[in-house]
Amino acid sequence: MSFRNQAKNSLACASLLTGMALPAQALEDLGHYVFVPNRNSADIAVIDARTNTVATRIPVGLVPHQVAVSAGTMKMIASNTGDNTVSIVDLRTLDTVETLTLDHEPEHIELAPDGTIAAVGNIGAGTLSFVSLVENRELSRVDGLYEPHNMTFSPDGSLVYVGNLGADLVSVVDVASATVINEIPVGKPQTVATASPESAEFQGIINVTATPDGSLGFAAFGEGDAMAVLDLRTQETISTLATGNLPWRAYPTADGKFMIVPNNGDETVSIISVATLEEVARLKGAADMTGVNTGWFETTAFVISRGEQKLVVFDLDAMERVGEIDLPGVPETGVTTPDGTMLYVALSSSNQVAVIDVRRRALVTLIDNVGNDPWGAHMVGALNYCH
């Protein structure tokens, strides 16, 4: 399962569709807002979670893939895969303060712990850019990567662990020198793909998922049906765990107790205990799972299925699959509010955002007019992720 070629499919549409301009208004408290990138209208919808309405839409570059919001700098950065740029927006004025041209197909973004630097993976070029949200410029660029997908900073911000979609290894980048200083293999050695997204659909490392305290990183290797557990301070591999077939990536519970891993090859979901580093349950999932969100005191997990257009609901106390929530559009990824009570899921085919009451485990409303082809959702203080 890969979305590497969707930017090309969306580019033609993005040039024809324009976002509906809404009145700009300053965002008083960033914690109340959901940021949704719209790939085919080239803008970011800003949803007020207090009213579940679209407060504004911010124009960015072509085919925005992901956003990250830095509360410390009051800025948002959006990766624009269609024109190889990132947009930096001042959220006090909602003005774009800089548009930077990076390398080929910038996609995923990760903020440093202090929120001043963004790591941006240029998946089509096999490079990583460090962007200053203080100086609004690209600080450095790192090469020697293999379709860099998602990035994770070490707790002190000195290192970045890069999940290589085109390889069976995690690259460790020193931020100060902007160089790859280590490559950590995961599972049994496999053929390394090229840095080009035109390569075969090889699923390497999607992400190195950190525990909430930042101490451990879980790196699932799709082709190897295995997941490495890394010490993010020392770069050491602590353990290698077996998963189901073709694991996508790990998703943490906010309390740090579990990692939840969708296995798309056999449509199962592995639940890993962080304390024991053992699989405590393997449950029936669904087709084409793209994400997992948890909430309500971490008693409930929602697994997103693009293939079956629904959420699969798991009770984490009972370790049981307890239901499904059908959706009126194709779900991409979502975000749970920091208090764990509401879940927002982007529906790309219907141009909506679904709002789920986490405690009730029910769809409560749909937000319309968010833009064309909404691709994900981001909130300050939440567990954010993209495809």
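The values are calculated or read from the model by the stated rules, or taken from the named source; none is laboratory data. What you are looking at is a predicted structure, and each value in this text was computed from that prediction instead of being measured. Positions of Cβ are generated from backbone atoms using ideal geometry, with glycine treated the same way; all protein chains shown enter the neighbour counts. For accessibility, only protein heavy atoms count, side chains too; no ligands or nucleic acids. Shrake-Rupley method; radii C 1.70, N 1.55, O 1.52, S 1.80 Å.
Estimated at the nearest 10 Å², the accessible area of residue 276 is 80 Å² with a 1.4 Å probe.
Which value, in Å² and to the nearest 10, is the accessible area of residue 284 when all protein chains are kept and the probe is 1.4 Å? Its heavy atoms expose roughly 140 Å² to the probe. With bins 10 Å wide beginning at 0, the percent of Cα pairs of segment 189-342 falling in each bin runs 11, 41, 36, 12, 1.
Basic side chains Lys and Arg get +1 at the Cβ, acidic Asp and Glu get -1 at the Cβ, and with that the dipole of segment 94-219 about its Cα centre reaches some 280 debye. Within the shell defined by Cβ-Cβ distances under 12 Å, the residues around residue 120 carry a net charge of -4, with Lys and Arg each +1 and Asp and Glu each -1.
Near residue 287: Cβ cut-off under 13 Å, other residues only, Lys/Arg at +1 and Asp/Glu at -1. The net charge is -2.
Each 20 Å bin from zero holds the following percent of Cα-Cα pairs in the chain: 31, 63, 6.
Remark on residue 264: its backbone amide H falls under 5 Å from those of 248, a criterion applied only to residues 5 or more positions apart or on other chains, H modelled at 1.01 Å from N.
Grab the other residues whose beta carbon is less than 13 angstrom from that of residue 255, score K and R as +1, D and E as -1, and report the net.
Numbers: positive: 257; negative: 213, 298, 317.
With Lys, Arg at +1 and Asp, Glu at -1, the net is -2.
Take the Cα of residue 326, step 7 Å toward its Cβ, do the same at residue 359, and the gap between the two points is 2.7 nm. The three principal axes of the C-alpha atoms in segment 238-326 carry coordinate ranges of 37, 29, 17 Å, sorted with the longest axis first. Computed across segment 95-236, the Kirkwood radius stands at 14.9 Å (inverse of mean 1/r, all Cα pairs).
Using only C-alpha atoms and all pairs of different ones, pull out the Kirkwood radius for segment 43-88 in Å with one decimal.
11.3 Å
What you get for the chain, charging only the Cβ of Lys and Arg (+1) and of Asp and Glu (-1), is a dipole of about 500 debye around the Cα centre. Sorted largest first, the spans of the alpha carbon positions of segment 321-387 along the three principal axes are 29, 27, 20 Å. Expressed as a whole percent, the accessible surface of the chain that belongs to carbon and sulfur atoms is 49, based on a 1.4 Å probe.
Using R₀ = 25 Å, calculate the FRET efficiency as 1/(1 + (r/R₀)^6) where r is the Cβ-Cβ separation of residue 366 and residue 339; round to 0.05.
Working: r = 21 Å, r/R0 = 0.86.
Working from the Cβ atoms, E equals 0.70.
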